[in-house]
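The values are calculated or read from the model by the stated rules, or taken from the named source; none is laboratory data. Just so it is clear, the model here is predicted, and its values are computed rather than measured. Positions of Cβ are generated from backbone atoms using ideal geometry, with glycine treated the same way; all protein chains shown enter the neighbour counts. Surface areas here come from the heavy atoms of the whole protein model, side chains and all, with no ligands, DNA or RNA. Shrake-Rupley method; radii C 1.70, N 1.55, O 1.52, S 1.80 Å.
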Amino acid sequence: MDAAEFRKRGKEMVDYVADYLEKIEKRQVFPDVEPGYLRPLIADCAPQDPESFEDVFKDIEKIIMPGVTHWHSPYFFAYFPAGSSFPALLADMLCGGIGCVGFSWAASPACTELETVMLDWLGKMVNLPEEFLAGKDGQGGGVIQGSASEATLIALLAARTKTIRQVQSEKPELTEAEIMGRLVAYASDQAHSSVERAALIGAVKIKSVPSDETFSVCGSALKKVLDEDKAAGLIPFFFCATLGTTPCCSFDKLLELGPICNKENIWMHIDAAYAGSAFICPEFRHLLNGVEFADSFNFNPHKWLLVNFDCSAMWVKKRSDLIGAFKLEPLYLQHHHQESGNFIIKCHWQIPLGRRFRSLKLWFVLRMYGVKGLQEHIRKHIRLSHQFEHLVLQDERFEICAEVVLGLVCFRLKGSNELNEALLKNINDAKKIHLVPCHLREKFVLRFAICSRTVESTHIKFAWQHISQLATDLLKTWGQNHHQQ
């Protein structure tokens, strides 16, 4: 393919993607395929001779689309939103076109510098304390990671290195292995599984801190666990607070937890993967109060800020803590500008060495929507979640299982877990809308997340009527079937 054909095919592909997104609600939200569907549809091995673009293009609808779950359909209410917008898609195309691998300033100055500035823009939008910004000569700063899981792991590893060095300076007789064996990390029993996974990769113990009746961790619960562990000779070193938990969007009590972490010299990382985007709205910023006590903070613009995956924003108060944990400098990565404080070498802030020019997506989206446009997007989603909550509350067969704060509603039929499992199965088997469940304490709960950029009030009404009708049908047969058993 030469440049002339690329121009022609590129325009065709843009038209195809625009049509796909414009007409997405006509597609069934969840595919009708079984595992292994794809292998019989394609050849056993790569072709020896080149094939034409037309042949490849034809196979998109034939082979790929039948197996796609349409995350951007207004009937998709599962997981959390996956951000996407036309400006972000165009920026991603430019990122692919430039094709740099921005591991150092010299490897692509614009890639390094734009990221630093964009993370300052974003930090100011959520009103982060000054210490988290790079500014002209700050100690902190932001970096784009691939996902919130990566950000948690990076924070945990940095905290581990910092603590080991600290303990060794106070007790030189202890080996690194002895200290490692006594380190403990903590997170809420509602925290995402990626926090436990970070501890697994970091080879440290992790303990769950019990959450209260609102599914939040409060100060007294953390203090109790810390006191027990210190008495047993363990070394608490890391706490991951969650703002907007995955099961029900609950919020740990930062203003109680922060001072405890600071006093005990424990690194506090805040995972606000989904909820963080809402903090650009002044009326939701109070949910971030207490961030001033944290060492690191992360949220995903690729969830709720119309930036497509992957773009996970992470800030640290002291970038030296991060760089100190990951810095290795072979000669081939060195260059004569590297000590210039503003041009932070991002490969010391992350696990992979290479990095894409992801800040272009942020730059395009922040400029073309403006803060006001993004605030309106968030507010619209939150209005729609309250619309759905209102519909659920009008039907006495159902109950709401957690406070609706942002764009997630947790609800269920009053009755057994088996009944709700059957309802969810019927909803997802019908493939008109798509939902996923969670467990809250012992209850099997249905999660209804407002996801699509194009979702409107009519889609919410349709979803509720559909759920309500399926519940009616299920309840008619449920009693009889369960009497017979």
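What the table shows:
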| item | result |
| --- | --- |
| Candidate set: region 160-213, residues that are among the β-branched types (Val, Ile, Thr) and within 20 Å of residue 244 (Cα to Cα); chosen: the one modelled with the highest pLDDT | 209 |
| Residues of region 122-154 that turn out to be touching a helix residue (DSSP H, G or I) at 6+ places or on another chain (Cβ under 6 Å) and farther than 24 Å from residue 324 by Cβ, as a count | 3 |
| Filter result (free of Cβ contacts under 8 Å to residues at least 40 places away in the same chain, assigned to a loop (DSSP other than H, G, I, E, B) and out of contact with any strand residue (DSSP E or B) (no Cβ under 9 Å at 6 or more places or on another chain)) within region 129-154 | 138 |
| Selection count, region 175-201, where residues are surrounded by fewer than 20 Cβ atoms within 10 Å (Cβ to Cβ) and either over 17 Å from the mean Cα position of the chain (by Cα) or assigned to a loop (DSSP other than H, G, I, E, B) (or both) | 11 |
| Of residues in region 370-389 being in contact (Cβ under 8 Å) with a residue 40 or more places away in the chain and either under 13 Å from residue 283 (Cα atoms) or of a type in the set (S, T, N, Q) (or both), the one most open to solvent (accessible area, probe 1.4 Å) | 379 |
| Some residue of region 415-422 being touching a residue at least 24 places away in the same chain (Cβ under 8 Å), surrounded by 15 or more Cβ atoms within 10 Å (Cβ to Cβ) and either touching a strand residue (DSSP E or B) at 6+ places or on another chain (Cβ under 8 Å) or of a type in the set (D, E, K, R) (or both) | yes |
| Which listed residue is closer than 23 Å to residue 314 by Cβ, open to solvent by 10 Å² or more (accessible area, probe 1.4 Å) and either touching a residue at least 60 places away in the same chain (Cβ under 8 Å) or assigned to a loop (DSSP other than H, G, I, E, B) (or both), from 214, 246 | 246 |
| Check on residue 351, part of a helix (DSSP H, G or I), under 19 Å from residue 119 (Cβ atoms) and modelled with pLDDT under 95 | no |
| Residue among 25, 12, 5 that alone is assigned to a helix (DSSP H, G or I), closer than 30 Å to residue 244 by Cα and out of contact with any Lys or Arg (no Cβ under 9 Å at 6 or more places or on another chain) | 25 |
| Top-ranked residue of region 474-485 - restricted to ones that are at pLDDT 75 or above and surrounded by fewer than 12 Cβ atoms within 10 Å (Cβ to Cβ), ranked as nearest to residue 395 (Cα to Cα) | 476 |
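Residue-wise test of (1) at pLDDT 95 or above; (2) of a type in the set (A, V, I, L, M, F, W, C).
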site	(1), (2)
4	yes, yes
8	yes, no
17	yes, yes
34	no, no
43	no, yes
68	yes, yes
73	yes, no
79	no, no
88	yes, yes
